[in-house]
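Following: one structure in structure tokens, then a few remarks.
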Amino acid sequence: MLDVELIYRINHKEKPVEEHRDKLRLRYYEGDDLRTLLRDAGFTIEAEYGGYAGQPIEQGNELLFICHK
């Protein structure tokens, strides 16, 4: 798990005017974890890719699943 807080500050003439904060929680998954989550949620996996160029899942840096329910 990775918890991140993003802070956006708006300044006008070097003085703070507004501040917005967003919290973001990220989790990294392995392929088997995603397959289990998708199937448990009722999805059928039609295809798997390792990147947006369609490379095999073993050779890519991404995990892309084409699914239907």
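Computed values, structure above
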{"read-out": "Scope segment 26-40; condition at pLDDT 95 or above and over 14 Å from F65 (Cα atoms); matching residues", "value": "D40"}
{"read-out": "Any strands (runs of 3 or more DSSP E) falling wholly within the chain and containing at least 1 residues that are without any contact (Cβ under 8 Å) to a residue 12 or more places away in the chain, of a type outside the set (S, T, N, Q) and open to solvent by 100 Å² or more (accessible area, probe 1.4 Å)", "value": "2-12, 15-26"}
{"read-out": "Counted residues, segment 4-40 - those being touching a Lys or Arg at 6+ places or on another chain (Cβ under 8 Å) and either aliphatic (A, V, I, L, M) or under 22 Å from N61 (Cα atoms) (or both)", "value": "3"}
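The values are calculated or read from the model by the stated rules, or taken from the named source; none is laboratory data. This is a predicted model, so every value here is computed, not measured. Heads up, the Cβs are rebuilt from the backbone with ideal geometry, glycines too, and the neighbour counts pull from every protein chain shown. With ligands, DNA and RNA removed, areas are computed over all heavy atoms of the protein, side chains included. Shrake-Rupley method; radii C 1.70, N 1.55, O 1.52, S 1.80 Å.
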